[in-house]
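This report refers to the structure that appears directly beneath it.
Nothing in this text is a laboratory measurement; each read-out follows from the coordinates by a stated rule. In this text, all values refer to a predicted model and were calculated from it rather than measured experimentally. Quick reminder, even Gly has a Cβ in these numbers, built from the backbone with ideal geometry, and neighbours come from all protein chains shown.
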Amino acid sequence: MPSLKSLRTRINSVKSTRKITQAMKMVAASKLKRAQTQAQAARPYAERMERMLGSLAASVAGRPDAPRLLVGTGRADRHLLIVMAADRGLCGAFNSSLVRFARTRIRTLVAEGKEVRIITVGRRARDLLRRDHGKLIVDSVTFIGKTRIGFADAQAIAGKVRGLLDEDAFDVCTLIYNRFRSVISQVPTEQRLIPAAIPAAPDDAAATGPVAIYEYEPSEEEILARLLPENLSVQIYRALLDSAAGEQGARMAAMDNATRNAGQMIARLTLAYNRQRQANITKELIEIISGAEAV
Amino acid sequence: MPNGLTLEIVSPEELLLSETVDMAIIPAVEGDIGVLPGHAPMIVSLRAGLVRAQVAGTTAHEFVVVGGFAEITPERCTVVATEAVPLAAAAAGWIEERVRAAEAAYSRTATTDEVEEREDALRLAQLGSVLRARA
């Protein structure tokens, strides 16, 4: 039976843990709100970009000299995976489930005899993958100490990818990230970046009248050559924001659970403490009474 | 012919403007384009410069944009800019900072992309001096 003193210390320590998890939950909730607003604000840009790319790419894709960013190298032997997780832990299964998903993917690709390279985004992704697949990691990006993800961060990652493409280091580039489905649900998702997944022609053509034939200034090719790198950055930016919102959502849920568990534990410990106290009192009484009777 | 043109200005970070205007003037790579309602569909590449929106004969909005594209349809003009800032907020300070950043990028390397950036920086610098003269 633990002594009263040790029970008291336990209760106090669990209480302060509960305070911490509660505070973390609040912080995550406000960060989540900010991340969601940011993700929402970024949506119009991505949508417009997609629309433009859709009308452009359709006309260029079939040509033999189509840009690599759009059609890839025509092979699928060498894969570049961008694995995107959080920088920090304490957010439930957010990081581990993503990395598990990535590992399965890597193993399948390796089993098929493909060559795999990895760019990790986020410290956790790097740390968790380093053990098994350290040799495959060619680059890693972290945002430690950054309060807000900017478009420039996405551009930097896109720049690395383009650099590797120029060196002819891979055929297919895939992005693995946690898609934000709701505050409590993040789904590990893979998205192909190169060759670009061409957005289907808008099906609301009936509403907007016949599909317009665009004029281009400068030429189609030149615009596409500028649009494609931009599109790559946008896709990465969108994933970064989704992942950031998901991280905060996951952390909020995890901390909510932790707070609840701490509450239960305090109740249990308090009960044990009171029982013990009562037992001690009873014991002392018995001692006094039997002492008096003996006299 | 549609009686009004919806001008939209979006940057990666946010939707800055979505409004009906009489005319939009956008800085395309091969010269400024004035877009009136009913314009032929076009997709143009942009250089650094000013996007102006005219309503009832006066300039209602001015935005500084750096790079990007514009999609023009008879009833809509969508400016998809890599960077876009309302002119008021982009007072000389922002532009000068931007110019410095672009020039630093230029002096680091001299690939084709960066030359473009240098041109943008020069355009922004010009813009900055015009704005200062106006103030």
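Per-structure values
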| item | result |
| --- | --- |
| Scattering profile of chain A at q = 0.08, 0.14 Å⁻¹ [log10 I(q)/I(0), Debye over alpha-carbon scatterers] | -0.49, -1.06 |
| Segment A:T9-A:V187, length gained on full extension (0.36 nm per residue, minus Cα span) | 60.0 nm |
| Hits among lysines - C-alpha to C-alpha of A:K160 under 19 Å, sequence gap 8 or more where chains match | A:K135 |
| Average beta-carbon neighbours from other chains, 10 Å sphere, peptide A:218-225 | 2 |
| Estimated 222 nm signal from helices in chain A, with DSSP H stretches of n ≥ 4 weighted -39500 (n - 2.57), rounded to 500 | -22500 deg cm²/dmol |
| The protein assembly as shown: antiparallel DSSP beta bridges as a percent of all, rounded to 5 | 65 |
| Using alpha-carbon coordinates, inclination of helix B:92-108 to the longest axis of chain B, degrees | 60 |
| Calculated FRET value between A:D77 and A:T142, using beta carbons and R₀ = 25 Å, to 0.05 | 0.25 |
| Straight-distance crosslink candidates among aspartates and glutamates, where the alpha carbon sits under 16 Å from A:K31 and sequence neighbours closer than 8 are dropped | A:D87, A:D242, A:E247, A:D256 |
| Positive-end residue of B:H39, B:P27, A:M52, charge dipole of the protein assembly as shown with Cβ unit charges | A:M52 |
| Crossing angle, helix A:4-60 versus chain A [Cα axis fit, 0-90 degrees, rounded to tens] | 10 |
| Separation in nanometres of the label points that stand 7 Å from Cα toward Cβ, at A:I213 and A:R107 | 5.5 |
| Unsatisfied cross-links (Cα-Cα over 31 Å) in the set A:K19/A:K146; A:K19/A:K283; A:K15/A:K283 | A:K19/A:K283 |
| Rounded tilt (10° steps) of A:94-111 against the dominant C-alpha axis of chain A | 50 |
